[in-house]
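Everything below concerns the one structure shown next.
The values are calculated or read from the model by the stated rules, or taken from the named source; none is laboratory data. Values in this document were obtained by computation on a predicted structure and should not be read as measured data. Glycine also receives a Cβ, built like all others from the backbone with ideal geometry; neighbour counts cover every protein chain displayed.
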Amino acid sequence: MKRWLQESRAKVLGNLAQRSSRQGGWFDRLCRRFLSRALELPADNDFMRDEWIDNDSGYDADELDRYQRGG
């Protein structure tokens, strides 16, 4: 990407961040929505996602009971 395009994109995101930090009216909420969509990572590039955690079904009742009793 060209440098001027990166700089202008950074300026726009900075202005959106300033505007979305206010608790004003509908335009501030719209800026918050745009900013959250612009900064959202795609699911395949999200380094915080872990397939072990996503596929975990959690504790069943017996496991939870044993854990809470310490045994």
Check: What tally of residues in region 19-38 results from selecting those that are free of Cβ contacts under 8 Å to residues at least 24 places away in the same chain, in a helix (DSSP H, G or I) and surrounded by 10 or more Cβ atoms within 10 Å (Cβ to Cβ)?
Finding: 12
Next item on the list: State which residue is surrounded by the fewest Cβ atoms within 10 Å (Cβ to Cβ) when the search covers only region 46-71 and only residues that are at pLDDT 80 or above and small (Gly, Ala, Ser).
Entry: Gly70
Checklist line | Selection status of Ser8, out of contact with any Lys or Arg (no Cβ under 7 Å at 6 or more places or on another chain), of a type outside the set (A, V, I, L, M, F, W, C) and not in a helix (DSSP H, G or I) | finding: no
